[in-house]
Amino acid sequence: MRVLLAEAGEAGDDRPMAERLFLRLPGDPLHAPETGVPRGTLRDIAVAPGLHPWLAHITVYREMLGPGQEVVERVLPDGAAHLIVHLAGVPAAPDRRRPLIGIAGATALPALLRLKGEQAGLSVRLQPGAASALFGVPAGELTDRMLPLDALWGAGETETLVEGLGEGRSDAQRVACLQRALLRRLRGHRPPGQAAQAVRLIAESDGRRSVRSVADAVGVGERRLQQLFHAEVGLSPRGWSRIARLHACLRALRTTATPRWAELALDSGYCDQSHLANEFRALCGLSPSLFLRRSISGSSKTRDGDAA
């Protein structure tokens with residue numbers, strides 16, 4: 001069972017349950033270095049060719065936690081909207097428990113998931129423009145929200161998909177069923193070129209390009225760029241820049257055995273060490289030093305860093 005906790009703030013080392021990190025930056029392998037999810041519980045399934053402009057990746061997760069075992073999983077923000085299918089009990093259970101399908105809008109906040117028992121499902125990371133095309137609302141209306149799919153598709157279409165997923169005999173068959181449903185929904189839609197280009201430019205600059213520079217590069221005004229991000233991305237250009245800058249800093253930490261936080265802050269585009277620390281707490285729910293300790297505990301690395 002996966003339960004979203006109400007609070008996503010910083011937890012101390014005296015927390016009653018084990019906590020692990022989940023992080024997957026754009027371009028990362030399935031198991032990023034910081035991720036504490038056990039190997040073998042995650043598996044990518046290829047995105048159908050017609051969905052490449054719309055879906056970044058499709059991941060299947062399956063894990064069984066022992067009796068009485070509970071884990072808190074801290075999921076760091078990637079700036080994307082996600083389609084999530086909970087499959088606990090499918091396919092082997094004789095009672096054929098029904099999948100539950102939800103939408104997680106783009107966010108710049110960490111999520112804390114309380115895990116116990118059987119974990120089974122599909123997670124689909126959406127590209128810019130996919131949420132508005134698939135669900136019929138601007139991506140900005142989904143920001144920081146989690147909604148059941150039937151709130152956007154209606155009961156009939158959602159029920160058809162749920163039945164198809166429940167009839168699948170394997171994860172591959174269920175993913176194929178899901179992708180067929182998404183392709184039907186996307187028929188007649190074209191990926192948003194300007195929004196996707198703007199997101200790419202910000203990411204390539206590690207969040208350093210100004211909003212005006214990005215707007216000029218894609219041939220629109222700043223106000224129009226804000227509108228495009230609300231419609232197709234779900235975060236503002238500045239919000240996406242914060243995510244991109246954090247991602248650049250996290251990548252830098254992977255290659256730094258003993259980080260000097262003040263230097264890392266400037267190299268990553270932050271004003272100073274205090275700015276870096278504040279952004280870590282806002283976007284990760286952890287101080288930089290506590291993040292480093294958690295990431296080390298979830299990986300084979302043995303780094304030590306100065307406090308930040």
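The values are calculated or read from the model by the stated rules, or taken from the named source; none is laboratory data. In this text, all values refer to a predicted model and were calculated from it rather than measured experimentally. In this analysis, Cβ positions are derived from the backbone assuming ideal geometry, glycine residues included, and neighbour counts consider all displayed protein chains.
Quick check on my filter: what residues within region 240-261 are under 28 Å from GLY105 (Cβ atoms) and assigned to a loop (DSSP other than H, G, I, E, B)? Within region 240-261, no residue meets the criteria. Figure legend. Inter-residue proximity from region 143-172: first residues closer than 12 Å to PRO99 by Cα, second residues of a type in the set (Phe, Trp, Tyr) and in a helix (DSSP H, G or I), beta-carbon distance below 9 Å, spacing 6+ or different chains. Indicated pairs: LEU149/PHE135; LEU161/TRP153. With respect to the conditions (1) surrounded by 14 or more Cβ atoms within 10 Å (Cβ to Cβ); (2) in a helix (DSSP H, G or I); (3) outside the structural domain of SER123 (by TED's automatic domain parsing); (4) not β-branched (Val, Ile, Thr), ARG223 lacks only one, and its number is (1).
Across region 114-127, a minimum of one residue is classified as outside any strand (DSSP E or B) and not small (Gly, Ala, Ser).
Does any residue of region 160-171 turn out to be among the hydroxyl-bearing types (Ser, Thr, Tyr), part of a helix (DSSP H, G or I), buried (at least 16 other Cβ atoms within 10 Å of the Cβ) and not assigned by TED's automatic domain parsing to the domain that holds ALA265? No, because not a single residue in region 160-171 is among the hydroxyl-bearing types (Ser, Thr, Tyr), part of a helix (DSSP H, G or I), buried (at least 16 other Cβ atoms within 10 Å of the Cβ) and not assigned by TED's automatic domain parsing to the domain that holds ALA265.
Here's the yes/no breakdown for (1) at pLDDT 95 or above; (2) over 17 Å from VAL60 (Cβ atoms); (3) assigned by TED's automatic domain parsing to the domain that holds ALA80:
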| residue | (1), (2), (3) |
| --- | --- |
| LEU113 | no, no, yes |
| GLN119 | no, no, yes |
| ASP144 | yes, yes, yes |
| ALA151 | yes, yes, yes |
| ALA176 | yes, no, yes |
